[in-house]
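Peer 1: Mind looking over this structure? Questions follow.
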Amino acid sequence: MDEAVPKTPARPEFSSDLFAAGLKVRREVLGAEYVDGSLARVDDFMVAFQKYVTEACWGEVWTRPGLERKQRSMLNIAMLTALNRPNELKLHLRGALTNGVTVDEIKEILLQACVYCGIPAGLDAFKVAQEIIKDAAAKP
């Protein structure tokens, strides 16, 4: 796979090795189009947030050897359901499918979350997941 690596905006905040490591994982999990779009829209107000997320979340945690990406994705689905964060849940459901989480595993995670987080949170998560799964199945 010889795809060109997209150009990251030239900002001094984005020049660390930790940022580069986090950016690599972030692109692999969430998709280069989404990540690069987020970075392209960065202004002086949001740059610190993008630096923090890319370095702390993706560079520090997602690169650790203790869990596989699939396991991290499964945890994110449960936590985002508990927190009732549908926008992030959509993003991480796509990433979970990329990381090998199956539709049946997503269903089981959400059923488990229903018990511990409540039916309303679980129902919202099921609706979000259904949309993402249908969308993923429709793509070639």
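Peer 1: Hey, got a sec? Which chymotrypsin sites (Phe, Trp or Tyr not before Pro) in segment 26-91 land in a DSSP loop and have at most 10 other Cβ atoms within 10 Å?
Peer 2: In loop regions of segment 26-91 (DSSP not H, G, I, E or B), the sparsely surrounded chymotrypsin sites (Phe, Trp or Tyr not before Pro) are 45.
Peer 1: What percent does the relative contact order of segment 61-118 come to when contacts are Cα pairs within less than 8 Å and at least six residues apart?
Peer 2: Averaging sequence separation for qualifying contacts and normalising by length gives 40 percent for segment 61-118.
Peer 1: Using the crude model of +1 on Lys and Arg Cβ and -1 on Asp and Glu Cβ, and no other charge, please compute the dipole size for segment 12-61 relative to its Cα centre, in debye to 20.
Peer 2: My answer is approximately 120 debye.
Peer 1: Here is a further query. Give me 15, 73, 38 sorted ascending by neighbouring Cβ count inside 10 Å, so fewest comes first.
Peer 2: 15, 38, 73
Peer 1: Okay, moving on. Given bins 10 angstrom wide, list per bin the percent of all Cα-Cα distances in segment 1-127, short to long.
Peer 2: Values per bin, smallest distances first: 12, 40, 32, 14, 2.
Peer 1: Taking the alpha-carbon set of segment 69-138, what are its Rg and Dmax in Å?
Peer 2: 10.5, 32
Peer 1: If you don't mind, another one. Report the calculated FRET efficiency for residue 88 and residue 11 (r = Cβ-Cβ distance, R0 = 30 Å), to the nearest 0.05.
Peer 2: 0.80
Peer 1: Let me ask something else. On C-alpha positions alone, give me the angle between the axis of helix 69-82 and the longest principal axis of the chain, in degrees, nearest 10.
Peer 2: 60
Peer 1: Run the numbers on segment 12-61 and let me know its relative contact order in percent, using alpha-carbon pairs under 8 Å that are six or more apart.
Peer 2: Worked out over segment 12-61, it gives 58 percent.
Peer 1: In the Gaussian network model of the chain, springs joining C-alpha atoms below 10 Å, which of 124, 17, 44 carries the largest mean-square fluctuation?
Peer 2: Judging by the Gaussian network model, the answer is 44.
Peer 1: Another question about this same structure. Around residue 83, what is the net charge, scoring Lys/Arg as +1 and Asp/Glu as -1 over all other residues with Cβ under 14 Å from its Cβ?
Peer 2: 0
Peer 1: Just add up the charged neighbours of residue 128: K/R +1, D/E -1, any other residue whose Cβ is under 15 Å from the Cβ of residue 128.
Peer 2: That sum, taken over residues with Cβ under 15 Å, equals +2.
Peer 1: How fast does segment 12-61 diffuse by Stokes-Einstein, in µm²/s, taking the Kirkwood radius from C-alpha pairs at 10 °C and 1.306 mPa s?
Peer 2: 150
Peer 1: Still on this structure: Given Cα pairs under 8 Å that are at least 6 residues apart, what percent is the relative contact order of the chain?
Peer 2: Reported as a whole number, the value is 22 percent.
Peer 1: To make sure I understand, if each residue's beta carbon is the centre and we count other beta carbons within 10 Å, what order do 110, 39 fall in, fewest to most?
Peer 2: Lowest to highest Cβ neighbour count: 39, 110.
Peer 1: For residue 48, what is the net charge nearby, where nearby means another residue's Cβ is under 13 Å from its Cβ and Lys, Arg count +1, Asp, Glu -1?
Peer 2: Neighbour charge sum, excluding residue 48 itself: -2.
Peer 1: Once the Cα atoms of helix 17-30 and of the chain are each reduced to a long axis, what angle between those two axes, in degrees from 0 to 90 to the nearest 10, is obtained?
Peer 2: On a 0 to 90 degree scale, this one is about 40.
Peer 1: Taking GluC sites (Glu not before Pro) as exposed when DSSP calls them loop (any state but H, G, I, E, B) and at most 15 other Cβ atoms lie within 10 Å, what is the longest stretch of the chain free of them, the sites themselves excluded?
Peer 2: 69-140
Peer 1: Ok, one more. Taking the Cα centre of the chain as origin, sum charge times position over the Cβ atoms of Lys and Arg (+1) and Asp and Glu (-1), and report the length of that vector in debye to the nearest 20.
Peer 2: Result for the chain is approximately 140 debye, rounded to the nearest 20.
No value in this document is a laboratory result; all are computed from the given coordinates. Since the model is a prediction, treat every value here as computed from it, not as a measurement. For neighbour counting, all protein chains shown are included, and Cβ atoms are generated from backbone atoms with ideal geometry for every residue, glycine included.
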